[in-house]
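Take a look at the structure set out below.
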Amino acid sequence: MTAFHSRWLAVSRFIGQEAMALDDKDWDAWLALYHDEAEYWVPAWDDHERPTADPQNEVSLIYYPNRGGLEDRVFRIRTRRSAASTPQPRTVHQFSLLSADESDGQVHARTSWTTVSVLEGKVATLSGWAFYDLEPRNDSFVIRRKKTVVVTDLFHEVADVYSL
């Protein structure tokens, strides 16, 4: 197996672990995929039909500058202290790996994704792209940065970490 194919398989397997952890609501496993300093960003769309470019100065759907924000989000999901987390839908995360290139000691990957959520008989679908900066760790990776662009422009349900 070539180095390219080996990397492609390893990245596919890793991103698949994230999808399974989200579908299984295995929050500890999901958080373990993220580096302590991982940035998690879901930009909004600006008036010019482009995703916003600066989470510090422009609107974002979700922005956490490090894993502490994700840990807080999981705490609110677990304790049901957020209207967005009560009740939680059942989800199916599907993705296609589009690229996995290595530079600067990291792997930069892009996926297209679709998440189907089911809650109280209502089916909702979100889709988009995700951009990962992955740092090699042991025989796998940790996420240093994840940017998720939601291309679905109109949705009537709450979008949260478990539905993206």
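The values are calculated or read from the model by the stated rules, or taken from the named source; none is laboratory data. Quantities reported herein were computed from a predicted structural model and do not represent experimental measurements. Here Cβ is always computed from backbone atoms with ideal geometry, including for glycine, and neighbour counts include all displayed protein chains. Side chains included, ligands, DNA and RNA excluded: accessible areas come from the protein's heavy atoms. Shrake-Rupley method; radii C 1.70, N 1.55, O 1.52, S 1.80 Å.
Separation of the stretch 125-149 from the stretch 44-71 is 16 Å, based on Cα centroids. The phi torsions of the stretch 129-146, fed into the Karplus equation with coefficients 6.51, -1.76 and 1.60 and a -60° offset, translate into couplings of 10, 10, 10, 10, 10, 10, 9, x, 8, 6, 9, 9, 9, 10, 7, 8, 7, 9 Hz, rounded to whole numbers, with Gly and Pro shown as x.
Output needed for the chain: three equivalent-ellipsoid semi-axes, defined as square roots of 5 times the C-alpha gyration tensor eigenvalues, in descending order, whole Å.
On the way: eigenvalues 123, 67, 55 Å².
After diagonalising the Cα gyration tensor, the semi-axes are 25, 18, 17 Å.
Among beta bridges from DSSP that stay inside the chain, the antiparallel ones total about 90%.
On the stretch 3-150, 48 percent of the accessible area sits on carbon and sulfur atoms, based on a 1.4 Å probe. Peptides 152-164, 42-54, ordered by how many other C-beta atoms sit within 10 Å of their residues on average, highest first, read 152-164, 42-54.
Mind giving me the FRET efficiency for T125 and M20? R0 is 22 Å, r the Cβ-Cβ distance, nearest 0.05 is fine. Each step should come with its number before you reach the end.
Numbers: r = 19 Å, r/R0 = 0.86.
That pair, T125 with M20, gives E of 0.70.
Per-residue ellipticity at 222 nm computed for the chain from its helices equals -8000 deg cm²/dmol, with DSSP H segments shorter than 4 residues left out and the rest contributing -39,500 (n - 2.57).
Think of a 1.4 Å ball rolled over the protein heavy atoms: the stretch 3-150 then has 54 Å² of accessible area per residue.
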